[in-house]
Amino acid sequence: MKLLVHFRFLSLLCTLLVLTATEISALDIQWSGYQAKAPSAPTVSEISLPNQTRGARIEASSDGAYQGAVGTLAKPVNLEDFRLIEFSIRHNITSGKISFSIMLFCKPGMVHGRFTVPTSQWNQVSIPLDVSSFSGRRDTSVIFGELSSIRITPFDAMDTAGKFLEIADFRLLPKVDEKAAMPIKVMNYFHNNPPSSGEKDNTVLTDGDLTENVHFRQYTENPDIVFDLGGRFTIDEIVVSSNAAPSHNYSELTICSSYDGKEWRPSGAIKNEAEGTQARIVKNKYVGDDRKMIGRYFRIQAARPRSDFSVYLSEISFFGHPPTPDEIAKAAESNYDTGAPMPLRTVEHYVELKKNDLQLWISRKNGVINGVFCGGRLIVERLTPQYTLQSRTKDTVVFGNKDVVQSIHAEDSQVTVITSNPGLPGLEVRRTWQVQGNALIEKVTLVNQSMKERMFLRMATEVILAQSFRNHGFYEMPASALAAEMFRMSASEVLMDRAMTNIPTIAFENDKERLTLWHTRYRFNDQFTYMDLGTEEDNLQVFRANGWLLTAATFVPADGKEQSYETRFAFTSGRLLKAFEEYQALPEVSAFRSQIKRPAWLRDIRAIISFGWDGTYPGSMQRLMKNYAGAFSHRGTLYEPTLYDLDGIWGDLLTQGEIRGWFGNRQTPEELQEKIKMFRASDPRFKVGYYTWFWSAFPWSTPVKNHPEWFVKKLRNGANASWFPGVNVNYLRFWGIKESRDEAAKQVIRAVDFYEQDGWYLDGGKSGVYAKDWETMRIDDPLGQTAFYDTVRKGIQKGNPNRVVFFNHSENPLGDLGFLESFGGTLTTDWRRGAVLMWKFKLYSYRDPLRYGVYIYWLPQVDHAFKNYLVGIGVMPSYLSRHFKAEDLPYIAARYEIRQAQITEAGVTPDWRFDEKETLECMALNQGTNGWLYMQYHGEEKAEKKVSVEIAPLGLTDSGKPIYAWLYHIKDAQKFHSKLSEPQIAKAYRETGWIADRAVSVQYLGKFPYAEQFSQQIEFAPGEGKVLMLTQLPAVVMSIEDEPSHYRLSGQPGITVEAASD
C-alpha cells in the first residue's frame, strides 16, 4: 500500500503538535545500516541540526540495491498506545520526488507502509498508525503490537556508495481524547485538473500562507483536488481560505470522502456566501454534523457561479480526530434516500393519473408525486416541490413535502392541485398535471393572495429516481455548451450535490433500459421557452446522488396576482439523440426553429479566419489578407467575424465621432467603412464583421447615463456591482424591459448596416435570466434576450438577407455560428470531456446543416486531437486563437468535403458513451450517399478492436445493392507538416497528375453484400484517428476543378454523383 506523506522544511518544525504524554525520541533508537544486496553494510554517523536536534546519517559504503536504515528501539513499545509516527528525513539519492518503504517489526508480525517525499532537502514525515496506512505480510491483517525495530529504505534506489539517508527527531505521538478535534496534517495532495498558476510542488494549499493563491483561470476545468491524510480520521472541520474577491470566486465546494482513494462517498459541501468585488482573505468552513465524515482521502471539487470567473484557493486545513467504532458504524449506514416516508400507493391516499405508458400517484395530503411508472416500471420515486424565499439578508428553503393540499381535482386526464405552505405565507400554488404523448406536463401557477414585501421566490422540483433505474444511467446537460459544463457523468460519479448549470434542461440516459429522460422548462407565463433559457445566473440545476433538482423559475410574487411556468418531463424509448429529435418535432419548438432563415453561403464556409489584434496596425491587414487568399482554395468562403473591436465603450456602438477599440486603437467611422470595403473587394471569398459586446455597459455609456434603471448597480450586500471581472466597472443589463431591448437592437442594426457587415458577432449569446437586482428586488424576464436576438436577426436581414449571426455560444439556434470556449486543453486533459464537447457540437447542427459549432481555442496542446476531429466529423476551425499555418491546410480541406456531416444513432459498438472503460471513441455520421464511423483511439498501447455499425441509419437503405467500404488513416498532425498551399497542390495535380499532401491515407476494403450490420477488425496505435467510410454508389469524386480530393466520397455538398453497380 502506498502512503503519500505530508512534509515541511525543518525550519518549520516548531509548528509540531504539543504533546501531552511521554514520547519516544531519537535517543531511544539505535540506528544501523541495512546491507541488503551490498557486500558491506552502510556506515552510521551522528549529525547535528541547526535546531539542536541530533540525528543519524546512514551512508552506503559499497554498491548494491535495497540498502537503507534500521532503527532498533532500546525497549519495545506497544503501538496501540500511539496514533502517529513522526520524523524528519534528508537524502542525496535523487533531487525530486522519491518513495520509501517503512517496515515496523512488531509482535505478532511485521507491517509494511510506504511514504513519499518531494525533495532531497529536510522533509517532515507523518504516518498515522491506522490500518489503512499499512499492510500485513502476505496480506495478513494489520495488527499494531509491540514494536522492536524499524526499517526504512528507498526501495532499490540507494544502490551506490556515497548515497545516504539522514533521519532525525524520530518519535511516536500518543493517542489523545478520542473525540478531541485537532489539526490534521495533510500527507500529500494532488490536482485532478491542474491549476493555471500558483502551485509549487503541491505545497501551496498546505503551507500556512493565506495570501498566496493557487489560480484556476476562467473557462478551465473546475478545481478537483484529492487530499491524503495518511490514515482515517473523523472530520470535525474543514477551513478553505482564499485571497480573492469573493463574488468573483467559486460558488460552492463539494466534498467526498474515501478509505482507498477509489470509491468515493458524498460527504459535505461548503458554500461561498461571502460577497464583495475587492480581493481579501476569506475563510469558508465545513463543520461536521451527525452524519460523520470519515475517510483517509478527501476530494474537494469547486463549482463556479459563471464559467468566465476564475477560482482562487490559498489554504485548505483539516481538523478532526481518530474515528471511534460507533462513528465508523454510523458512517457505513448510507442508504439510498427516497425522500420522506409516505403512505402506500392506494386511492385512499392518492389520485392516480394514468395515460399512454405513464402512470403517477399524486398525494391527497401534500400534492407530492409518489411514483412515476413508465410501461409498468417504476422510474421516478418522487417529484417534490422545493422553494427558496430570498430577502436581501437571507435565504429560506421551504420544502414541498410540507405543502398542504387545499383542493385536488381530476378531470379530462389531468389533475389540478392547489396547495399552501406555512413557509410561504400569503401564497398559494396551483399545479396541473397531464400526460401528452410520452411526456408528463406540469403547469405551476403562483397565486399571490396577500404577500406585499418584494422578495425573490425560486421554484424547483426535486426528482428522485428509482435506485435500480439510476444505477445504470448517465447525466447530461443537452442545452449547455460552455466547456465548464461539458460533462457526461455516470450515476456512480454523482455522489453528492453537483451544481452544474443555470439552464433548466437535464437529460438522464439509461441504455440498459433503453430509456432517456428529458426534463426541461417549456413555458414561462404561458410563452414558449427554448431549452437553452437560463433560470438565473447561478447554477441552480443540480445533479444529486439520487436524482436531480431542476429550478425552473424565479418570481417576485409581489409583481402580479398570478405568474406561471410549465415543465415537460419526457420518457423517450431510445437514446439522447432520439429524445432531442422528439423535442425538435414538438409544435412550438418546430415553429421557433423554422422561422430562422439561414443564408445559403453558410454551406460553403471553409474556415473562420482572424487578423487578431495585428489587423489594427497599418499594412498588416493587407499582408494577412494576401496570405489567406493565396493559401486557400478558390472554392468556399473565409469569414472574419471580428475584424475590428467596436467595444471601446461597453454599451455604445458608435457610427460617428472617434471609434475606440479595446487596446487603444482609434479610427473614424469612415475609416472602418473603408476597411470592410477594402477587405471585401480584395477577394470575393471573404466575409467580414466587427466584434461587439453587449451584456453589460460602462457607467459612462449613453444607455447607463440616460436610463440607469435598465442596469444592475448594486450587489446583494449593498456593495457596488461590476458584472464582468477584470475590466472597468460594468453594469448588467435588463433585457426584459422592452425599451432597453429596443434601444440595444437599434444600435446593433444601425452599426451592421452602417459598416455593411456580412454578419453580427456578439461575444455572448446566452439566453435567459442574468439580471437580478437586489437594490430594487427586480428580476429579468427570461424571454428578454431571445426577443433581443430575434429583433436584431430580423433587422439586419431586412437590410441584407444574406447576413448571419455569430454568437460566442453554440447552443442557441438564433446564431448561425457559435463558439465553444474551452481553455486548458479540454480535448486532451480528459478525452471524454472533449468527446462530449464534439458530440454536442454535432447535436446542435442535427437536421440543421447550415448551423455550425466552432471550436475557438485551437491551441498547440490540442492540435493533434482537434485535427482528427476536423477530418473525422467536420467541425468548423477558427483562427481566432491561432496563427495561420500551411500545415493546417490539408486537414481543413478534408473537413470541407464532409462539412455538412450529420450525427446519427447507428448502434455502434464499442460504445464509449455507455462503457466507462472503453478507450475507442466512435461517432456515426452521414452526408448524402456516404455514411461513416469516426474512430479515435485513446488507449496507451496498440490494440485491435472489432467495430460494428448498423447500415440503415448511415443512409444506406437499399438492400439490393452492395456496400463499398474504405478505411482512412488520419495522418498524425505531430509528424505531418504540409508546406504547400491549396493552389500549388491544384497546379501540380493539373500539370502532372501528382496528388500531394493529403490529410488521410486511403485503404479500399472492398465490396460487401448488404447486411444490417457492418463489422471490421481494425488496428489502432495510441492517439490514432481513423474513418470507416461506407457507400452504395460504385463511383467517387477524385477531384473538383483540379483540386484532388482527400476522401473517396460518392458526393459532396453541392455535388451529386450517379452510378449503377454491376
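The values are calculated or read from the model by the stated rules, or taken from the named source; none is laboratory data. Only a predicted model underlies this, so the values are computations on that prediction, with no experimental measurement involved. Using ideal geometry, Cβ is built from the backbone for each residue, glycine included, and neighbour counts are taken over all protein chains shown.
Return the residue satisfying two criteria in turn: it lies in region 329-376 and is on the phi > 0 side of the Ramachandran plot, modelled with pLDDT of 90 or more and not in a strand (DSSP E or B), and of such residues it is surrounded by the fewest Cβ atoms within 10 Å (Cβ to Cβ).
Taking region 329-376 as the starting set, the residues that turn out to be on the phi > 0 side of the Ramachandran plot are 339, 356, 367, 371, 375-376.
Okay, now just the ones that are also modelled with pLDDT of 90 or more, so 356, 367, 371, 375-376.
Still in the running and not in a strand (DSSP E or B): 356, 367, 375-376.
Numbers: ASN356: 14, GLY367: 25, GLY375: 14, GLY376: 7.
Residue satisfying both the conditions and the ranking: GLY376.
Within region 159-170, is there a residue that is part of a strand (DSSP E or B), under 43 Å from the mean Cα position of the chain (by Cα) and at pLDDT 85 or above?
Let us first name the residues in region 159-170 that are part of a strand (DSSP E or B), namely 164-170.
If we keep only those that are under 43 Å from the mean Cα position of the chain (by Cα) as well, we get none.
Within region 159-170 (the criterion being part of a strand (DSSP E or B), under 43 Å from the mean Cα position of the chain (by Cα) and at pLDDT 85 or above), the answer is no, since none of the residues qualifies.
Among what's in region 90-110 and is surrounded by 15 or more Cβ atoms within 10 Å (Cβ to Cβ) and of a type in the set (S, T, N, Q), pick the residue that is nearest to LEU147 (Cα to Cα).
Only one residue fits best here, namely SER101.
Which number in (1) under 29 Å from the mean Cα position of the chain (by Cα); (2) surrounded by fewer than 22 Cβ atoms within 10 Å (Cβ to Cβ) marks the one condition that GLN936 misses?
(2)
Can you tell me which residue among ARG498, ARG488, ARG521, ARG575 is touching a helix residue (DSSP H, G or I) at 6+ places or on another chain (Cβ under 9 Å), within 25 Å of HIS809 (Cα to Cα) and in contact (Cβ under 8 Å) with a residue 24 or more places away in the chain? So that I can check it myself, show each step before the final result.
On the way: ARG498 fails: touching a helix residue (DSSP H, G or I) at 6+ places or on another chain (Cβ under 9 Å); ARG521 fails: touching a helix residue (DSSP H, G or I) at 6+ places or on another chain (Cβ under 9 Å); ARG575 fails: touching a helix residue (DSSP H, G or I) at 6+ places or on another chain (Cβ under 9 Å).
Matching residue, one of ARG498, ARG488, ARG521, ARG575: ARG488.
Limited to region 537-576, what total is found for residues that are at pLDDT 95 or above and either in a strand (DSSP E or B) or buried (at least 22 other Cβ atoms within 10 Å of the Cβ) (or both)?
Qualifying residue count for the region: 23.
Could you list all residues from region 853-875 that are at pLDDT 95 or above, touching a helix residue (DSSP H, G or I) at 6+ places or on another chain (Cβ under 8 Å) and not in a loop (DSSP other than H, G, I, E, B)?
Our first condition is that a residue be at pLDDT 95 or above; within region 853-875, this holds for 867-874.
Next, only the ones that are touching a helix residue (DSSP H, G or I) at 6+ places or on another chain (Cβ under 8 Å) stay: 867, 869-871, 873-874.
Answer for region 853-875, where residues must be at pLDDT 95 or above, touching a helix residue (DSSP H, G or I) at 6+ places or on another chain (Cβ under 8 Å) and not in a loop (DSSP other than H, G, I, E, B): LYS867, TYR869, LEU870, VAL871, ILE873.
How many residues does region 385-435 contain that are at pLDDT below 95, of a type in the set (S, T, N, Q) and under 23 Å from GLU775 (Cα atoms)?
So the count comes out to 1.
SER141 - would you say it is surrounded by fewer than 22 Cβ atoms within 10 Å (Cβ to Cβ), out of contact with any Ser or Thr (no Cβ under 9 Å at 6 or more places or on another chain), in a strand (DSSP E or B) and at pLDDT below 90? Can you show your working first?
On the way: surrounded by fewer than 22 Cβ atoms within 10 Å (Cβ to Cβ): yes; out of contact with any Ser or Thr (no Cβ under 9 Å at 6 or more places or on another chain): yes; in a strand (DSSP E or B): no; at pLDDT below 90: yes.
Spelling it out, it is not the case that SER141 is surrounded by fewer than 22 Cβ atoms within 10 Å (Cβ to Cβ), out of contact with any Ser or Thr (no Cβ under 9 Å at 6 or more places or on another chain), in a strand (DSSP E or B) and at pLDDT below 90.
If you take the residues in region 281-310 that are over 20 Å from TYR189 (Cβ atoms) and among the charged types (D, E, K, R), which one is surrounded by the most Cβ atoms within 10 Å (Cβ to Cβ)?
Going through the qualifying residues, I end up with ARG304.
Name the residue, out of GLU1058, GLU1012, GLU1041, that is closer than 30 Å to ALA988 by Cα, touching a residue at least 40 places away in the same chain (Cβ under 8 Å) and of a type in the set (Asp, Glu). Before you say what the answer is, go through the steps one by one.
Working: GLU1058 fails: touching a residue at least 40 places away in the same chain (Cβ under 8 Å); GLU1012 fails: closer than 30 Å to ALA988 by Cα.
Only one candidate qualifies: GLU1041.
Restricting attention to region 648-688, report how many residues are small (Gly, Ala, Ser), surrounded by 13 or more Cβ atoms within 10 Å (Cβ to Cβ) and either out of contact with any strand residue (DSSP E or B) (no Cβ under 8 Å at 6 or more places or on another chain) or part of a helix (DSSP H, G or I) (or both).
Going through region 648-688 one residue at a time, the tally reaches 1.
Checking the structure you have, find out if any residue of region 915-936 is among the β-branched types (Val, Ile, Thr), under 30 Å from ASN510 (Cα atoms) and at pLDDT 95 or above.
Within region 915-936, the subset among the β-branched types (Val, Ile, Thr) is 919, 929.
Now restrict to residues that are under 30 Å from ASN510 (Cα atoms): 919.
This time we only want the ones that are at pLDDT 95 or above, so: 919.
Checked region 915-936: at least one residue is among the β-branched types (Val, Ile, Thr), under 30 Å from ASN510 (Cα atoms) and at pLDDT 95 or above.
If a residue has to be over 17 Å from PHE318 (Cβ atoms), in contact with a Gly (Cβ under 7 Å, 6 or more places away or on another chain) and at pLDDT below 90 to count, how many in region 220-266 make the cut?
Residues flagged as over 17 Å from PHE318 (Cβ atoms), in contact with a Gly (Cβ under 7 Å, 6 or more places away or on another chain) and at pLDDT below 90 within region 220-266 amount to 3.
Only one of these conditions is not met by LYS713: (1) basic (Lys, Arg); (2) surrounded by fewer than 21 Cβ atoms within 10 Å (Cβ to Cβ); (3) touching a residue at least 40 places away in the same chain (Cβ under 8 Å); (4) more than 21 Å from ARG306 (Cβ to Cβ). Which number is it?
Exception for LYS713: condition (4).
Out of the residues in region 1025-1042 that are surrounded by 18 or more Cβ atoms within 10 Å (Cβ to Cβ) and touching a Lys or Arg at 6+ places or on another chain (Cβ under 9 Å), state the one that is nearest to ALA999 (Cα to Cα). Quick ask: steps written out before the conclusion?
Within region 1025-1042, the first condition is being surrounded by 18 or more Cβ atoms within 10 Å (Cβ to Cβ), and the residues that meet it are 1025-1033, 1036.
So of that shortlist, the ones also touching a Lys or Arg at 6+ places or on another chain (Cβ under 9 Å) come out as 1025, 1029, 1031-1033, 1036.
Values: GLY1025: 11, MET1029: 15, THR1031: 20, GLN1032: 24, LEU1033: 23, VAL1036: 17 Å.
The residue in question is GLY1025.
For region 578-590, which residues satisfy the criterion of being aliphatic (A, V, I, L, M), surrounded by fewer than 20 Cβ atoms within 10 Å (Cβ to Cβ) and in contact (Cβ under 8 Å) with a residue 40 or more places away in the chain?
Taking region 578-590 as the starting set, the residues that turn out to be aliphatic (A, V, I, L, M) are 579, 585-586, 589.
This time we only want the ones that are surrounded by fewer than 20 Cβ atoms within 10 Å (Cβ to Cβ), so: 585-586, 589.
VAL589 - this is the single residue of region 578-590 that is aliphatic (A, V, I, L, M), surrounded by fewer than 20 Cβ atoms within 10 Å (Cβ to Cβ) and in contact (Cβ under 8 Å) with a residue 40 or more places away in the chain.
I'm told GLY834 meets every condition in (1) buried (at least 23 other Cβ atoms within 10 Å of the Cβ); (2) more than 19 Å from the chain's Cα centre (by Cα) except one. Can you identify the failing condition by its number?
(2)
Assigned to a helix (DSSP H, G or I) and on the phi < 0 side of the Ramachandran plot: does that describe PHE580? First the steps, then the outcome.
Values: assigned to a helix (DSSP H, G or I): yes; on the phi < 0 side of the Ramachandran plot: yes.
Yes, satisfied.
For the structure I just gave you, tell me whether PRO669 is closer than 25 Å to SER247 by Cα and over 35 Å from the mean Cα position of the chain (by Cα). Spell out how you get there, then give the answer.
On the way: closer than 25 Å to SER247 by Cα: no; over 35 Å from the mean Cα position of the chain (by Cα): yes.
No, not satisfied.
Is it the case that some residue within region 947-968 is touching a Cys at 6+ places or on another chain (Cβ under 9 Å), surrounded by 18 or more Cβ atoms within 10 Å (Cβ to Cβ) and in contact (Cβ under 8 Å) with a residue 40 or more places away in the chain? Write out each step before concluding.
Restricting attention to region 947-968, the residues satisfying the condition of being touching a Cys at 6+ places or on another chain (Cβ under 9 Å) are 947, 949.
Filter again for surrounded by 18 or more Cβ atoms within 10 Å (Cβ to Cβ), leaving 947, 949.
Going one step further and asking which of them are in contact (Cβ under 8 Å) with a residue 40 or more places away in the chain, we end up with 947, 949.
Yes, the conditions are met somewhere in region 947-968.
Give the residue that is nearest to ALA439 (Cα to Cα), with candidates limited to residues of region 365-412 that are free of Cβ contacts under 8 Å to residues at least 60 places away in the same chain and within 31 Å of the chain's Cα centre (by Cα).
Here the residue is PHE399.
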